[in-house]
Amino acid sequence: MSDLKTQIIAQLNLQDTKPEDIGDDQSLFVEGLGLDSIDALELIVLLQQQYKIKLSNAEDGPKVFKTVRTMAEYITAHQAQNA
Amino acid sequence: MYIRATGNISPQKTFGHQPLVDAVAYTGNRLACIEPDYKDFIDPKQIRRMSRIIRMGVAAAMECLQEAGVKVPDAIITGTAYGCLEDTNSFLSKMVEFNEELLTPTSFIQSTHNTIGAQIGLMLQCNNYNNAFVHRGFSFESALLDGIMLLKENDAANVLVGAIDEITNTSHTILNRLGLYKQGPVSNLDIYKTKTKGTIAGEGAAFFLVANEPSATDYAKLDGLHTFYKPEGIDEIEKQIASFLEKHLVSIADIDLIITGKNGDAGEDKIYEQLGQTVFNAKEVINYKHLCGEYPTAAAFAMWLAAVAIKSGELPAALNYTGSADKKINRILIYNHYQGIHHSLSLLSAC
């Protein structure tokens, strides 16, 4: 999950944020890390660029991008399917 | 129309309203802005999405509004010729790199020419008139003209007008290849002596809060602004200058100082030198592009310089001005042209 946090920081240009500053179960949006809808699009691109995973159902977005852990679980599940 | 406040980020130490004591010297054909610590002006959460030009523009605008004591202006008008080049370059590069797929939205959103005005509006929660002018060498003048019209028609009592242009590695390489800039080692402080082809690349973000009512702390009064396109020759330029001054009931003798846009390019400077023999003969004339470099909205730097000179009554020490030093500067004429195509005249006077 540390790698994923590093990728999120780089993709969203979260200046002055270190991977350890982001909790595994911390909400990424609104009251948590404070991300917004443009960041959500950036995270979709991150999944495609880094993990070749295309978010097929937009309604899954809120669940997938809830926390770093939910993102990691989604990536792991899809990598297992593709293997 | 009164210039109430300014904010200027340039290759000189102009930000923070400090006196411009020493000119910063550069070697090479590119001048880069001296940037402040943006965290004092922009929320860190917002900074992360802003490229350099957006930060420069927003910070200069914020400094201007702070000085004016205005939280929300009646209008925000920006002028830029190149727009947000860094974001445009990033967006186009990714299109190629990822075969027109997987494009990140941020660079695209930020690549439009009205991004800076929009960001200022968003930060201020300002839903008032917001416009951007992309008129190459007239971009700043068009923005200012729009502001003048809003004030004259009483559609606004105060207007934030600014000009922003950046030079990036890519744009510098391309423009250098096109022969715009001098080759070999050159100091910005010596560009007028070189008598060779080409100028030096510059950039900057200058904002002005202009108002239709005077205040006790105004910099200067903007008496007039005029633009003309592709004049046929020096005779037409002279006629344009004479007609501009006549329209504003001023003679050349009433002008204390002329600021010209000489940029060190032997070809482009010919116009200024010819005027020095005729209309501007025996007048105090200074240049400013050794301080900020050449770019399509450089006239905004000249306006900042004129406003500061009129407010203080003297030119900043960095200009090493040795003319009529004992005479207070009350009225300044700015004449600038960009590549011999876009010509502008501005007349400023003490309040």
Flagged in the range A:23-40 as surrounded by fewer than 13 Cβ atoms within 10 Å (Cβ to Cβ) and among the hydroxyl-bearing types (S, T, Y), in numbering order, are A:S37
Within the range B:253-294, the residues that are surrounded by fewer than 23 Cβ atoms within 10 Å (Cβ to Cβ), of a type in the set (S, T, N, Q) and not in a strand (DSSP E or B) are B:Q274, B:Q277, B:T278, B:N281
When the range B:206-252 is checked residue by residue, the ones that are farther than 29 Å from B:N154 by Cβ, assigned to a loop (DSSP other than H, G, I, E, B) and in contact with a strand residue (DSSP E or B) (Cβ under 8 Å, 6 or more places away or on another chain) are B:P231
B:V250 vs (1) among the hydrophobic types (A, V, I, L, M, F, W, C); (2) under 30 Å from B:F15 (Cβ atoms); (3) surrounded by fewer than 21 Cβ atoms within 10 Å (Cβ to Cβ): all pass except (2)
Considering the range B:325-348, residues that are surrounded by 18 or more Cβ atoms within 10 Å (Cβ to Cβ) and of a type in the set (G, A, S), and then whichever is farthest from B:N263 (Cα to Cα), we arrive at B:S346
Scanning the range B:139-149 for residues that are in contact (Cβ under 8 Å) with a residue 60 or more places away in the chain and surrounded by fewer than 24 Cβ atoms within 10 Å (Cβ to Cβ) gives B:S142, B:L145, B:D146, B:I148
If we keep only residues of the range B:73-96 that are among the hydrophobic types (A, V, I, L, M, F, W, C) and surrounded by fewer than 21 Cβ atoms within 10 Å (Cβ to Cβ), then the residue nearest to B:T112 (Cα to Cα) is B:F91
For the range B:152-176 the number of residues that are assigned to a helix (DSSP H, G or I) and either at pLDDT below 95 or under 25 Å from B:E294 (Cβ atoms) (or both) is 8
Matching residues in the range B:95-115 (at negative phi and either within 9 Å of chain A (Cβ to nearest Cβ) or in contact with a Phe, Trp or Tyr (Cβ under 9 Å, 6 or more places away or on another chain) (or both)) number 12
Filter the range A:11-22 for residues that are within 11 Å of chain B (Cβ to nearest Cβ) and part of a helix (DSSP H, G or I); the one that is surrounded by the fewest Cβ atoms within 10 Å (Cβ to Cβ) is A:Q11
Open item on the list: One residue is enough: does the range B:125-138 have a residue meeting the conditions part of a strand (DSSP E or B), buried (at least 21 other Cβ atoms within 10 Å of the Cβ) and out of contact with any His (no Cβ under 9 Å at 6 or more places or on another chain)?
Closed with: no
Just one listed residue, out of B:M56, B:M123, B:M50, is away from chain A (no Cβ under 14 Å), over 17 Å from the mean Cα position of the chain (by Cα) and of a type outside the set (K, R), and it is B:M123
Within the range B:73-114, residues modelled with pLDDT of 95 or more and polar (S, T, N, Q) come out as B:T78, B:T80, B:N114
Taking the criterion of being among the polar types (S, T, N, Q), over 18 Å from B:F228 (Cα atoms) and touching a residue at least 60 places away in the same chain (Cβ under 8 Å), would at least one residue in the range B:254-274 satisfy it? yes
If we keep only residues of the range B:262-314 that are among the aromatic types (F, W, Y) and out of contact with any Lys or Arg (no Cβ under 7 Å at 6 or more places or on another chain), then the residue farthest from B:S171 (Cα to Cα) is B:F280
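Does at least one position in the range A:63-83 carry a residue that is among the basic types (K, R), under 10 Å from the mean Cα position of the chain (by Cα), assigned to a helix (DSSP H, G or I) and surrounded by 15 or more Cβ atoms within 10 Å (Cβ to Cβ)?
Checked the range A:63-83: no residue is among the basic types (K, R), under 10 Å from the mean Cα position of the chain (by Cα), assigned to a helix (DSSP H, G or I) and surrounded by 15 or more Cβ atoms within 10 Å (Cβ to Cβ).
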| Looking at A:K66, is it away from chain B (no Cβ under 14 Å) and closer than 20 Å to B:P44 by Cβ? | no
By my count, helices (runs of 4 or more DSSP H) wholly in the range B:31-123 with at least 2 residues that are among the aromatic types (F, W, Y) are none
(1) more than 12 Å from the chain's Cα centre (by Cα); (2) without any contact (Cβ under 8 Å) to a residue 24 or more places away in the chain; (3) within 14 Å of chain B (Cβ to nearest Cβ) all hold for A:K52 apart from (2)
**Prompt:** If you check B:I237 against the conditions, is it buried (at least 17 other Cβ atoms within 10 Å of the Cβ) and more than 30 Å from B:A5 (Cβ to Cβ)?
**Reply:** yes
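The values are calculated or read from the model by the stated rules, or taken from the named source; none is laboratory data. Computed from a predicted model, the values in this text were never measured in an experiment. Every residue, glycine among them, receives a Cβ derived from its backbone with ideal geometry; neighbour counts consider all protein chains shown.
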